[in-house]
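Worksheet: the structure to be examined is printed underneath.
The values are calculated or read from the model by the stated rules, or taken from the named source; none is laboratory data. Bear in mind that the values here come from a model prediction, so they are computed numbers and not experimental data. Because the Cβ atoms are built from the backbone with ideal geometry, glycine has one as well, and the counts that use them run over all protein chains shown.
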Amino acid sequence: MSDFWPALRDVIVYGLPNTIIMSVAAMAIAVGGGFVLGVLRALRNKVLDALVIAYVEILRGIPVLILMFFVFFGLPQLGFNAVGNLQSAIIALGLWGAANGAEIVRGAIFSIDKGQTEAGLALGLNWLTVMTTIVLPQASRRMIPPFMSLFTAVVETSSLAALIPVRDVLESVRIKTESEPSLWMPLLIAVLFIYFFINYPISLASQRLEKRLA
Amino acid sequence: MIVIVAAAQLDFSIVKDSLPDLARGAMWTYAITAMGIVGALFVGVVGAAMRTSNSRIARTLATAFAEFFRNTPPLVWIFFFFFALPNAHITLPAVAAGTIALAFYQGAIAIEILRAGIEAVPAGQREAASALGLSPFQQFVYVVAPQAFRISLPALGNNLIALLKNTSLISAIGIIEITGVANDIIAIKLSSAELFLTLGAFYLISVFILSALLRFAEARLSRYAV
């Protein structure tokens, strides 16, 4: 048990930065990709709609773990340049996050009254100007709570990277317990609390904000 | 162009050779999903009943359970039940540890969904049942619960679909379900892209079937809905 504190220090020093880097980078891809895909849906073009829907349904229909394994183990076999463990995890999490982000952005855009777009077009503004200066600023506010809960999901899902493996908090625990199996219980409880203290404030704030915006 | 070159390098005979093993893995995936659904619904119903009860202790316990599990990763819970519990002299087989972990995680989410469903049933329903002389227990079982379940079903269904996908995480502690079987084959044959594409298709089809079943259940339950 005396080994616990130094072990926990290593989990936090070496593992936590990777967990945070993966979550933040994947979330950036999710927001960026989500906006692009969501706005494409707003164009109401049948071909684009079909492509985006296919992307969203496939990425949300397969487990993220399979996607991560495919990016890390499968793509090099198909002649793509191999990318590192951390990059593979970020790519897989980001692609999955973007599919969820697309649904959030689409939902928010379509929740804005159609009269807003019609009024903008009637004033002679082009579609892109209407979208960027009238619709998106209003829709963005409504996207904040769901994007916050998506972030908590991304943080949780980043733990799967331990399986390819990225040295995140979970993989750090596994490394420590190789020589000292009795550390599994205390270290995993500590890791559960690390995730909880990151996610709980965000999900609480998301619920509060959602009630206020409603 | 890249896609065509890449596709030419795929050799699906490896999948064909492993079909019996993959089929056995698929059966386990479905069995674990079925057990997980039963477990998650049990946790969800008990938790939601506690969450909406008059007892402050029951409410606090259920809220703490739901919030803690919802905000922590299911994979860590799978590791916890499989690797950490032996420290406390409780050793579970991989299937049991994985299924319990997923039932608790998905059950915690179900608690919140069912609570919202119960609170969405108009107060007049309970008052009318009370006026007809039904006991509080009868009011809940015959009047509130059926309506709450119908209201909750779409969100509950998404949660159960997430459970199906999350069974893939159990491969981290054993090789019995389909993702674990595939990893085992890959370790021997050193060829992975074909297997992961096959797995992706397997999960997509399974999710499609489960969501079709859930839509059927929704339609049945709303037959008499006003």
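With respect to the conditions (1) over 30 Å from A:A108 (Cα atoms); (2) assigned to a helix (DSSP H, G or I), A:V166 lacks only one, and its number is (2). If you check B:T72, B:T29 for being outside any helix (DSSP H, G or I), surrounded by 19 or more Cβ atoms within 10 Å (Cβ to Cβ) and within 14 Å of chain A (Cβ to nearest Cβ), only one passes: B:T72. The residue of the stretch B:168-225 that is surrounded by the fewest Cβ atoms within 10 Å (Cβ to Cβ), among those that are in a helix (DSSP H, G or I) and among the polar types (S, T, N, Q), is B:S211. Is it true that some residue in the stretch B:127-149 is part of a helix (DSSP H, G or I) and within 14 Å of chain A (Cβ to nearest Cβ)? No, there is no match, as no residue in the stretch B:127-149 is part of a helix (DSSP H, G or I) and within 14 Å of chain A (Cβ to nearest Cβ). Selection within the stretch B:86-116: residues that are assigned to a helix (DSSP H, G or I) and polar (S, T, N, Q). The member of this set that is farthest from the other protein chains (Cβ to nearest Cβ) is B:T99.
Given the conditions (1) among the hydrophobic types (A, V, I, L, M, F, W, C); (2) modelled with pLDDT of 95 or more; (3) more than 21 Å from the chain's Cα centre (by Cα), which single one is not true for B:F137? Failed condition: (2). If you go through the stretch B:170-201 and keep only what is facing chain A (nearest Cβ under 9 Å), in contact (Cβ under 8 Å) with a residue 12 or more places away in the chain and out of contact with any Asp or Glu (no Cβ under 8 Å at 6 or more places or on another chain), you end up with B:A172, B:T179, B:A182, B:N183, B:A193, B:L195, B:F196, B:L197, B:L199. Condition check: over 30 Å from A:L160 (Cβ atoms), out of contact with any Phe, Trp or Tyr (no Cβ under 8 Å at 6 or more places or on another chain) and buried (at least 22 other Cβ atoms within 10 Å of the Cβ). Does A:A139 satisfy that? So A:A139 fits the description; yes.
Here A:G124 meets each of (1) of a type in the set (G, A, S); (2) assigned to a helix (DSSP H, G or I); (3) more than 11 Å from chain B (Cβ to nearest Cβ); (4) more than 24 Å from A:A99 (Cβ to Cβ) with one exception, condition (2).
Within the set A:V56, A:V24, A:V13, the sole residue that is within 14 Å of the chain's Cα centre (by Cα), assigned to a helix (DSSP H, G or I), over 27 Å from B:V207 (Cα atoms) and without any contact (Cβ under 8 Å) to a residue 60 or more places away in the chain turns out to be A:V24.
Of the residues making up the stretch A:38-89, those that are among the β-branched types (V, I, T) and within 14 Å of another protein chain (Cβ to nearest Cβ) number 7.
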